[in-house]
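For reference, the structure discussed in these notes is given below.
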Amino acid sequence: DRKCAPWIFSAGEPFRTIASIELYATLVSLKVLIERPESGAHKVVLALSGETDNQTNSYVLKKLMSTKFPLAVILMEIAVVCHRKGIELHLYWLPREQNIEADALSNQDCHLFKPENEIKVDNLEFWCMDELIAEGEKLYLTIEDLKKRQAKMAAAKEPNNSKDTPRKAKRLKATRLKTTNMW
């Protein structure tokens, strides 16, 4: 909900950030299932693989790159977790028809799962995600404010005089590219 995960609503409705929500589920799974004590002086590398019906997330995790907010922030947190815990994580794409269990869970349908396998999660601590989400939201609010101010300034400069309108239309028409047959 908006209280515990306001970043889900950063682009409006949650369906607009579905890749971020699904990658967040990967992050939560990683943090819950892989929490283990440090291995001391010897670093152990653990290779994990998972499946997702979201092709974007498999590519994003493979390349460790995204410019989309909040997807990039969640990816950064996964990278930090993997680096600090010595984990190599791979997400493989799985067709939606073969991912029935995950879709059932997203609709709060748990009949395919044994109740004794449920892991209760009370509080997750993140190394960088919370701070980066907050900064990203500030940035997007600033950008939104600038766009509104620019729109107001453009509206104020709009000519109300009908004499200016035809001249403006002619100017636009004159600047159009002309296509010619090169052959």
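Remarks
- All positions within the range 94-140 that are open to solvent by 100 Å² or more (accessible area, probe 1.4 Å) and assigned to a loop (DSSP other than H, G, I, E, B): ASN107, GLN108, HIS111, LYS114, GLU118, LYS120, ASP122, ASN123, GLU125, TRP127
- Selection from the range 32-65 of residues that are over 18 Å from PRO95 (Cα atoms), outside any loop (DSSP other than H, G, I, E, B) and at pLDDT below 90: VAL32, LEU33, ILE34, LEU46, ALA47, LEU48
- When the range 7-21 is filtered for residues that are at positive phi and buried (at least 16 other Cβ atoms within 10 Å of the Cβ), nothing remains.
- Residue pairs whose Cβ atoms lie under 6 Å apart, separated by 6 or more positions or on different chains, with the first residue in the range 71-100 and at positive phi and the second β-branched (Val, Ile, Thr) and surrounded by fewer than 16 Cβ atoms within 10 Å (Cβ to Cβ), are GLY86/VAL44; GLY86/VAL45.
- Each residue in the range 43-75 was checked for being closer than 22 Å to LYS138 by Cα and either in contact with an Asp or Glu (Cβ under 7 Å, 6 or more places away or on another chain) or open to solvent by 90 Å² or more (accessible area, probe 1.4 Å) (or both), and 3 pass.
The values are calculated or read from the model by the stated rules, or taken from the named source; none is laboratory data. In this text the structure is predicted, and so the values were computed from the model without any measurement. Heads up, the Cβs are rebuilt from the backbone with ideal geometry, glycines too, and the neighbour counts pull from every protein chain shown. All accessible areas refer to the heavy atoms of the entire protein, side chains included, with ligands and DNA or RNA removed. Shrake-Rupley method; radii C 1.70, N 1.55, O 1.52, S 1.80 Å.
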